[in-house]
Every structure is written in structure tokens, then in C-alpha cells.
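Enquirer: Just dropping this structure here.
The values are calculated or read from the model by the stated rules, or taken from the named source; none is laboratory data. Predicted, not measured: the structure shown is a model, and the values here were computed from it. Every residue, glycine among them, receives a Cβ derived from its backbone with ideal geometry; neighbour counts consider all protein chains shown. All accessible areas refer to the heavy atoms of the entire protein, side chains included, with ligands and DNA or RNA removed. Shrake-Rupley method; radii C 1.70, N 1.55, O 1.52, S 1.80 Å.
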Protein chains: 2
Amino acid sequence: MLSKKTKYALHALTYLGKHQEQGTVLIHDIAEEYGISHKFLENILLELRKAGYLGSKKGKGGGYYLIKDPKDIPLSRVIRLLDGPIAMLPCVSLNYYEPCAECKDESKCGINKVMIQVRDETLKILENKTLEDILKGE
Amino acid sequence: MLSKKTKYALHALTYLGKHQEQGTVLIHDIAEEYGISHKFLENILLELRKAGYLGSKKGKGGGYYLIKDPKDIPLSRVIRLLDGPIAMLPCVSLNYYEPCAECKDESKCGINKVMIQVRDETLKILENKTLEDILKGE
DNA sequence: ATAAAACCTATAAAAATTATAGGGTTTATA
DNA sequence: TATAAACCCTATAATTTTTATAGGTTTTAT
């Protein structure tokens, strides 16, 4: 399951995607729309900005806005940013690899082998679905 | 990421699959093989038995053994049993459905729509990979 | 009888997630 | 240029989930 953080991030991105023409959007408005804590959402938007998905404008009249084309924001990226690894085990993670304590030899581990396949197939899905797909469904 | 519980369950099932001929296997032996806490593993094996994957024999000379054919133990089942939902959001879970608090109308939620697709494609993968596939890789 | 081994339930410890708090900085505008 | 609006940043608190332990119960081979 996705964390609330990631779920809220997706909601926020969706909202921003739907309001691209209006220039900037207030954290407040997004928080209100979905009933999310303002402060919690603030942290999430901050992360999304630092990761290069959003731009922001400070001060009166400021707010957030999308700076990437929705079709260039795959689910995989959003999930990795906020939830961490997509792989099911540390020992098959591309971005957050760690050896498993239980295995003496990874190359002889059947779980490892299967999980690499699962990871690759899962990635294919999550890299292909983008914010654009979400927006099309709204 | 899978919980340790699920990871340990997969190790245990793999071990039991590899030692099917020996009749019963001690919790102790599995725990030792992978460096897992005996007591923690005990709870996991208990769940696997209750779910119909394992049989057990009490008393001296007892232990656990597989009662399902490895090809009839898909990853999806093991994960659901120990980790819960496979879906990324409660609102698209087949087995653990709950509405999302943020959505007024699920049928108009683009996230919901996309996540249903992700769920279906993910399930296809996890239902097709079984303990047999793991055992083949050992 | 004894010892081995699974069974069962409760609880404790640790880690991760979720949420809040509070001041700092920037900026439009009156 | 004072003010208020709004994002920025970091720390910490609260909650929930996960992980682990504990301790006795029951069954069974010998």
C-alpha cells in the first residue's frame, strides 16, 4: 500500500494538473479540497518541488504550480520519492539496494531471482502510468 | 516493500519445498538456516498452517511440512496473508476495500481509475509467480 | 514418565508513519 | 515602507505498525 504521503502527493499533483491555467495554487486550497492537514501537505509539496516537479512563488499571491508536463511524471517517480523502493525486497532494489541478511549467496537465492522479475514487470507498469493518465480519468 | 514477516514466510516455504522428502522440518532448523528468531518464525508458520499451506505434527519427531503443491502457492496469496492488500490504495483493494477519505466520488477519481489498472496488472504478475518458480531458481 | 516439539495468546520493544509546531524568509501592495 | 500573505525549513510529538519476546499449554514418540 502507498503511504498517505504518496497518496496525498498524487492528489496534490492531480489538483495542480487540473489548475495549470490559474498560475499558482495555494497549499491551503489543496488541503481544503481533500481534507488534508495543511502542514502535512506543506512538507509533501516541498519535497515535490525539491525533486523538480513543482515550482513555487513565495509571498503574497504566491503558491505552487506544475513545472513538468504531466506525461513526464510517472507513478514510479512519485512513489520512489515519497515511499522509497518499489522493489519488494532490498536485495532487488535498483535505487535502494541492500543485501538480505538471510542469504549467504544472492546468486543462488530463488526468491531473489523471482523478485527481480517481479520488480522488472512492476516497474514497466509504474513507469508507463503517468500523471497524464490520472488527469484523463478525472 | 514486503514486511520481514512475508520475507521470512517465503524463506520458510522455500526451505520446506526443498526438504519435502524428509517428512517434517523443525522450526528450529529453518530459523537457524536463515538466522531468524525462532519465536517470530513460529508465529509465521502457524499462520501459514492455518491458511492451509502447511501441515504440522506435534510432539517429539514433529515439525512442519508443505501440504500444497508449490505451483499452487502464488506470491499473491502469501503476500495477502501476511502483509495484507496488494493494491496500492484501500479504495481499489479487492480483498480489503475501504473508501478513501479524500474523494467525494470514487467514480470521478482519476487516481482510483489508474490504480485499478495498476492493481490488475500487478495481480497478474503475482498470481503467476509461485513457490515453484522460486524453487526452480535455487 | 520424560523430553521434544508445535500451539496459542498476550505483551513489550522498536521503527516507521503521520501530524504538529513555530519561527524564518520572501513578496505584493496599500 | 509597513503589513499581511504565503512558502521555507527543521525539529519534535503522537500514533500506528512492525518486529520480537515471553511463557505457559498440549501433543506425541520413546
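Enquirer: A:Gly62 label points, 7 Å along Cα→Cβ, one per copy: pairwise distances from this copy to the rest in nm, shortest first?
Expert: With the label placed 7 Å along Cα→Cβ, A:Gly62 yields 6.6 nm.
Enquirer: So if I place +1 on the C-beta of Lys and Arg and -1 on the C-beta of Asp and Glu, and nothing else carries charge, what would the dipole magnitude of region A:72-130 be about its Cα centre? I want it in debye, nearest 20.
Expert: Roughly 80 debye, rounded to the nearest 20.
Enquirer: May I ask you to report, in nm to one decimal and beginning with the shortest, the distances from A:Pro90 to the same position in the other copies, taking label points 7 Å along Cα-to-Cβ?
Expert: Sorted ascending, the copy-to-copy spacings read 2.9 nm.
Enquirer: OK, next. Whenever you get a sec, compute what percent of the accessible area on region A:4-66 sits on carbon and sulfur atoms (1.4 Å probe).
Expert: Carbon and sulfur atoms account for 49 percent of the accessible area of region A:4-66.
Enquirer: Follow-up. Roughly how many nanometres apart are two label points built 7 Å out from the Cα toward the Cβ at B:Met1 and A:Met1?
Expert: About 1.8 nm, to one decimal.
Enquirer: Let me ask another. With respect to the cross-link table entries A:Lys4/A:Lys104; A:Lys4/A:Lys129; B:Lys4/B:Lys108, which display a Cα-Cα separation exceeding 26 Å?
Expert: Exceeds cut-off: A:Lys4/A:Lys104; B:Lys4/B:Lys108.
Enquirer: Order B:His11, B:His19 by their accessible area, 1.4 angstrom probe, all chains in place, largest first.
Expert: I get B:His19, B:His11, largest accessible area first.
Enquirer: Between copies, how far apart are the A:Lys4 label points? List them in nm, one decimal, shortest first, with each point 7 Å from Cα toward Cβ, please?
Expert: 2.6
Enquirer: If you rank B:Ser56, A:Ser107 by how much accessible surface each has, with a 1.4 Å probe, what is the order from largest down?
Expert: If we order B:Ser56, A:Ser107 from most to least accessible, we get A:Ser107, B:Ser56.
Enquirer: Moving on. May I ask you to derive the relative contact order of region B:4-66, considering only C-alpha pairs under 8 Å and at least 6 residues apart, and to give it as an integer percent?
Expert: The value is 40 percent.
Enquirer: Here is a further query. Considering only protein heavy atoms, what is the solvent-accessible area of A:Arg49 at a probe of 1.4 Å, reported in Å² to the nearest 10?
Expert: About 80 Å², ignoring ligands and nucleic acids.
Enquirer: Sticking with this structure for a sec: How charged is the neighbourhood of A:His28? Take every other residue with its Cβ under 12 Å from the Cβ of A:His28, and add Lys/Arg as +1 and Asp/Glu as -1.
Expert: Spelling it out: positives minus negatives among the neighbours equals -3.
Enquirer: For region B:72-122 and region B:3-42, compute the distance between their C-alpha centroids and round to whole Å.
Expert: 29
Enquirer: Another one. For the rotation that superimposes chain B on chain A, which residue of B has the C-beta lying nearest to the axis, and at what distance in Å?
Expert: Minimum Cβ distance to the axis, with residue: B:Thr122, 3.
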